[in-house]
Ligand code: FAD
């Protein structure tokens, strides 16, 4: 049969890139484009390695600024950075769906919809023999060989299997989520502004619920409060006073990872602002526009943002060759951030650490960020930990630090913005709250933006929005 397009081999060539002296560069494949991955991509020596990133997101999202983007205090583009800005990184816009640490192959699925594919290969060609290590591979998938692998695929939103959350709640994990939240906030205000609405209907629409009183949920509640009290009160003066923000948590406090004096300060500030805090509540179900919670019963909402921590991604769940915790939540590494082989897995390692009793080390595979933990040294799932691990891996690969040096986490503390120009900062050196903490918060996140472009854009948008009001366009 005549074919208009040749069927491409489904195994990408090994080591095609050469360095300046004509030698083949080892291929480092980085999975993900979040905090851990981007730090590696930014810091690794691109002249030494062929650097490939595999991610369904072609941009990094600056997560600590997403709450601000969701309420129009920042433009979305100030919270994003293209992966392609990292040296000569080759990006494959794809999901990694399988890892074979013996053959050193990854199984990739393109992240675009199948309809875009013109000539899908139906059967395996002669060059595709290695594909057979993934017997369940489907038509569009292909293999990418690696020399070194860095797994930084992050985590998903945890829902505790509460019925209706995935269908009826909003999440705040990336820029797309922030965009959809901004859209919904404006939509419910526009709906409530119709003259045909009763005040009761308006109250239901303008009920904003945040489930999860950790830093993400609390910061979003605070930012939303500022938006409602300033720009939305100006634009919708009749209906804005009917808006109610409710923060719900299963525990007895909010921001409980902070020093007790700071979380109490936050709670008092929220109360003064009129943010209702419901503690020790059990969410039973989320229906369309209605939350069922014990002991309160049904609470209607126009927007419910769900932020109750993280759980493992499908890739981490499916990996069998790497040691994991009993709950299948994260990958275990040693203190050099090398993945540990799962029991029974035969792997080639030259590491001197491997003794008959010690777990075997996959010396070409690193695992960092929210998807990984050092065996016996648990660290929080934060950007800070992911970025420090990413920096460490790049330094080892660049030869800047000896592979014998262990990773050590330097705790720089934690911060949360509370709205109204107030924040809390909990660092090993000091516990600060109020205006100074807010200045530290803003300076830190301006500085932590990964590019000079965003270090200029972030304060620029803050200034513009302060003068002219927030961006309240729905797009
Ligand atoms: P992520 O940054 O989540 O990146 C994971 C990447 O992997 C994504 O690009 C994803 O698309 C990709 N991916 C997923 N599956 C696959 C796959 N199968 N194949 C390829 N790629 C895949 N931490 C702080 O320290 N301070 C803060 O102020 C703070 N604020 C936050 C605010 C919000 C709204 C959120 C959501 C988080 C916040 N965090 C904060 C936590 C912090 O963002 C995470 O700990 C951090 O992003 C973890 O980095 P990571 O690289 O492990 O994963």
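The values are calculated or read from the model by the stated rules, or taken from the named source; none is laboratory data. Predicted model, so just to flag it, every value in this text is computed and none were measured. FYI the Cβ positions are ideal-geometry reconstructions off the backbone, even for glycines, and counts take in every protein chain you see.
Summary table
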{"read-out": "Region 221-247: number of residues that are in contact with a strand residue (DSSP E or B) (Cβ under 7 Å, 6 or more places away or on another chain) and either in a helix (DSSP H, G or I) or within 16 Å of the ligand (Cβ to nearest atom) (or both)", "value": "7"}
{"read-out": "Residue match in region 46-63 (condition: without any contact (Cβ under 8 Å) to a residue 60 or more places away in the chain, surrounded by fewer than 24 Cβ atoms within 10 Å (Cβ to Cβ), part of a loop (DSSP other than H, G, I, E, B) and in contact with a helix residue (DSSP H, G or I) (Cβ under 9 Å, 6 or more places away or on another chain))", "value": "yes"}
{"read-out": "Any hit, region 34-45, residues being crowded, with 24+ Cβ neighbours inside 10 Å, assigned to a strand (DSSP E or B) and either within 16 Å of the chain's Cα centre (by Cα) or more than 9 Å from the ligand (Cβ to nearest atom) (or both)", "value": "no"}
{"read-out": "Count of residues meeting criterion [touching a residue at least 24 places away in the same chain (Cβ under 8 Å) and either crowded, with 18+ Cβ neighbours inside 10 Å or within 16 Å of the ligand (Cβ to nearest atom) (or both)] in region 158-185", "value": "19"}
{"read-out": "Selection within region 153-188 - in contact with a helix residue (DSSP H, G or I) (Cβ under 6 Å, 6 or more places away or on another chain) and in a helix (DSSP H, G or I)", "value": "175, 178, 181, 182, 188"}
{"read-out": "Entirely in region 367-475, the strands (runs of 3 or more DSSP E) that have 2 or more residues that are out of contact with any helix residue (DSSP H, G or I) (no Cβ under 7 Å at 6 or more places or on another chain), touching a residue at least 12 places away in the same chain (Cβ under 8 Å) and surrounded by 13 or more Cβ atoms within 10 Å (Cβ to Cβ)", "value": "372-374"}
{"read-out": "Residue satisfying all of: in region 255-287; assigned to a helix (DSSP H, G or I) and under 17 Å from residue 207 (Cβ atoms); nearest to the chain's Cα centre (by Cα) among these", "value": "270"}
{"read-out": "Selected residue (only one of 223, 280, 200 is touching a helix residue (DSSP H, G or I) at 6+ places or on another chain (Cβ under 6 Å) and modelled with pLDDT of 95 or more)", "value": "223"}
{"read-out": "Test: residue in region 212-220 that is within 16 Å of the ligand (Cβ to nearest atom) and over 22 Å from residue 74 (Cα atoms)", "value": "yes"}
{"read-out": "Flag for residue 25 being more than 13 Å from the ligand (Cβ to nearest atom), farther than 29 Å from residue 317 by Cβ and either crowded, with 23+ Cβ neighbours inside 10 Å or modelled with pLDDT under 95 (or both)", "value": "yes"}
{"read-out": "Verdict on residue 149 being at pLDDT 95 or above and crowded, with 20+ Cβ neighbours inside 10 Å", "value": "yes"}
{"read-out": "Close pairs (7 angstrom Cβ cut-off, 6 or more residues apart or separate chains): not assigned by the TED database to the domain that holds residue 189 in region 290-309, part of a strand (DSSP E or B) and more than 16 Å from the ligand (Cβ to nearest atom) anywhere", "value": "none"}
